[in-house]
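The next block holds one structure in the form of structure tokens; read it before the comments.
The values are calculated or read from the model by the stated rules, or taken from the named source; none is laboratory data. What you see is a predicted model, and the numbers here were worked out from it, not measured in a lab. So basically every Cβ, Gly included, is an ideal-geometry build from the backbone, and we count neighbours across all protein chains shown.
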């Protein structure tokens, strides 16, 4: 299996992975909308490919943290998906690990995720609210997490995330 940046040839496979993993089309539509938005970052929509088939996908898009002093650029991790027949084989973990490396390589300093509190801390995610970051929507503290890709990047920051509008429309 290889992990690499998506290409246009992968779009149908990515749609299928997200549709099957979430058992609905919302995430697949969201990926398509984000790809066409100003929040899309080339190189941060990755696929896991096994025997020529896209079996997993992860996407990171630009996210604003609004503070009283201005905007801090961050990333949102969403979605991450693996075809059901390939789940439980570490593909999702590899996508997250490789994706975070790509984010850091491209110079981003933090990543926000709303996700399973038992899953994401193993990759270095911790409470966003403990770091001074809040959400404009109800989300349990344990599911709202952030990772500093650069240690101390969020020191002294107090702010509210602003998700791309595609998250509201797509979901």
Completion exercise
Subset of segment 117-127, residues more than 18 Å from residue 56 (Cα to Cα) and surrounded by fewer than 21 Cβ atoms within 10 Å (Cβ to Cβ), comes to 117, 118, 121, 122, 124, 126, 127
Practice task
Of all residues in segment 130-153, count the ones that are more than 15 Å from the chain's Cα centre (by Cα) and either under 20 Å from residue 99 (Cα atoms) or without any contact (Cβ under 8 Å) to a residue 60 or more places away in the chain (or both).
Solution key: 16
Handout entry: Single unsatisfied condition, residue 90 versus (1) at pLDDT 95 or above; (2) out of contact with any helix residue (DSSP H, G or I) (no Cβ under 6 Å at 6 or more places or on another chain); (3) more than 22 Å from residue 54 (Cα to Cα)
Key = (3)
Practice task
Spot the failing condition for residue 118; the list is (1) under 22 Å from residue 1 (Cα atoms); (2) out of contact with any strand residue (DSSP E or B) (no Cβ under 9 Å at 6 or more places or on another chain); (3) part of a loop (DSSP other than H, G, I, E, B), and only one is missed.
Solution key: (1)
